[in-house]
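Report on the following structure.
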Amino acid sequence: MKTIRITAIVLAVFASITACKKDEKETLDFDYQSAVDNSLAEGIYSDVNNISNQAVENGNTGLATYRTGEGNGLLSVCATVTVTPDSAGNGGSLVVDFGSTNCLCRDYRYRRGRVLVDYTGRYRDSASVITTTFQDYYVGTDSSNMYQVLGSKTVTNKGRNGSGNIWFTVEVDGQLRNSNNQTMEWNSSRTRTWTAGESTPLDWQDDEYLIGGTADGISFEGRPYTLNITTPLHIDFDCRWIRAGVIELTPQGKSARILDYGPDNCDAAATVTVNGTTFNITLR
């Protein structure tokens, strides 16, 4: 009887250990939260680019027209823009102020706080540098679930490439804080090629870009990861989401996650593939 009891205990302990290892393996094999967090950061910092570049290119007069008319642009009537040119008249600084309460903008995102921009020239001018920082700036599609945007973004105009397209380098040293006071880090080094819309400077909604490059970060859950864009991301200013492209994201200690934004449709649908298993996700 004593031998039977000991054997039973050993088997129970072994089963428990096996179950724990199985649960841990399943979590490691199929967790894709880092990919979801990264897609959020991709969208938010791309949006920052739209705001700052539109502001630098058109100044306070152009933005006022965009905000109040039925034309193009993403800023609503609650956003004010203050421009301070430098002494040379080419560069300067500007502030896009969304106010202290959540404001619904024309792209159906809520914003509050200030976006601060320093620039050496217009967005389309070769060698111009545009640096964006933030002051109590929040953004979100749900007014009860906003993300605070921190850090900085620097865009440098590199002139025209061999195909005649204007291209840029984009460096981000960023952090996002969610409504649960969790913080994720997102650092990226990208190239940004202007593929459509250059000839219509007052119409931002026809602008399109292809994005390449790398990034690394730490998810809201505290897991470090690295990523590489394997198929260029298609950014269309007339679409709230990334239209197409593929990212290979590798969380620390895990296998690669493949984030696919889909067949170039303007929708919130994307997929994440982990070890041969594909999950459907909804972009935020």
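Among the conditions (1) at pLDDT 65 or above; (2) outside any strand (DSSP E or B); (3) surrounded by fewer than 16 Cβ atoms within 10 Å (Cβ to Cβ); (4) not acidic (Asp, Glu), Ala12 misses just one, which is (1).
Looking at Gly43, is it part of a helix (DSSP H, G or I) and either more than 22 Å from Arg240 (Cβ to Cβ) or at pLDDT below 75 (or both)? Criteria not met by Gly43.
Taken over the stretch 224-250, the criterion of being in contact with a helix residue (DSSP H, G or I) (Cβ under 6 Å, 6 or more places away or on another chain) and modelled with pLDDT of 95 or more is satisfied by Tyr225, Leu249. In the stretch 241-259, the residue that is surrounded by the fewest Cβ atoms within 10 Å (Cβ to Cβ) out of those that are touching a Phe, Trp or Tyr at 6+ places or on another chain (Cβ under 7 Å) and part of a loop (DSSP other than H, G, I, E, B) is Gln252. Cβ separations smaller than 8 Å between residues 6+ apart or across chains give the following pairs from the stretch 187-211 residues that are farther than 15 Å from Asn161 by Cβ and part of a loop (DSSP other than H, G, I, E, B) to residues that are among the aromatic types (Phe, Trp, Tyr) and modelled with pLDDT of 95 or more: Asp207/Trp194. Annotation note: of Thr169, Thr195, Thr230, the sole residue that is over 21 Å from Lys153 (Cβ atoms) and polar (S, T, N, Q) is Thr230. Scoring Thr230 on the criteria (1) within 22 Å of Ser189 (Cβ to Cβ); (2) in contact (Cβ under 8 Å) with a residue 60 or more places away in the chain; (3) out of contact with any Phe, Trp or Tyr (no Cβ under 7 Å at 6 or more places or on another chain) leaves a single failure, condition (2). Scanning the stretch 260-284 for residues that are under 15 Å from Ala35 (Cβ atoms), touching a residue at least 12 places away in the same chain (Cβ under 8 Å), of a type outside the set (A, V, I, L, M, F, W, C) and not in a loop (DSSP other than H, G, I, E, B) yields Asp260, Tyr261, Gly262, Thr271, Thr273, Thr277, Thr282.
Could you tell me whether the stretch 68-85 includes any residue that is small (Gly, Ala, Ser) and at pLDDT 90 or above? Within the stretch 68-85, none of the residues are small (Gly, Ala, Ser) and at pLDDT 90 or above. Only one of the listed residues (Thr80, Thr120, Thr101, Thr84) is among the β-branched types (Val, Ile, Thr) and farther than 20 Å from Tyr137 by Cβ. That residue is Thr120. So, in the stretch 212-227, of the ones that are surrounded by 21 or more Cβ atoms within 10 Å (Cβ to Cβ) and hydrophobic (A, V, I, L, M, F, W, C), which residue ends up farthest from Thr156 (Cα to Cα)? Once the filter is applied, the top-ranked residue is Leu227.
Only a single criterion out of (1) at positive phi; (2) touching a Leu at 6+ places or on another chain (Cβ under 8 Å) is not satisfied by Asn181, namely (2).
Yes or no, residue by residue, for (1) closer than 20 Å to Val83 by Cα; (2) surrounded by fewer than 20 Cβ atoms within 10 Å (Cβ to Cβ); (3) of a type outside the set (Gly, Ala, Ser); (4) under 16 Å from the mean Cα position of the chain (by Cα):
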{"residue": "Tyr137", "(1), (2), (3), (4)": "yes, no, yes, yes"}
{"residue": "Thr141", "(1), (2), (3), (4)": "no, yes, yes, yes"}
{"residue": "Val149", "(1), (2), (3), (4)": "no, no, yes, yes"}
{"residue": "Ser152", "(1), (2), (3), (4)": "yes, yes, no, yes"}
{"residue": "Gly159", "(1), (2), (3), (4)": "no, yes, no, no"}
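Among the conditions (1) touching a strand residue (DSSP E or B) at 6+ places or on another chain (Cβ under 6 Å); (2) modelled with pLDDT of 95 or more, the only one that Leu283 does not satisfy is (2).
Considering only residues in the stretch 117-132 that are in a strand (DSSP E or B) and either at positive phi or crowded, with 18+ Cβ neighbours inside 10 Å (or both), the one that is nearest to the chain's Cα centre (by Cα) turns out to be Thr132.
The values are calculated or read from the model by the stated rules, or taken from the named source; none is laboratory data. Being a predicted model, the structure only gives us computed values, none of them experimental. Heads up, the Cβs are rebuilt from the backbone with ideal geometry, glycines too, and the neighbour counts pull from every protein chain shown.
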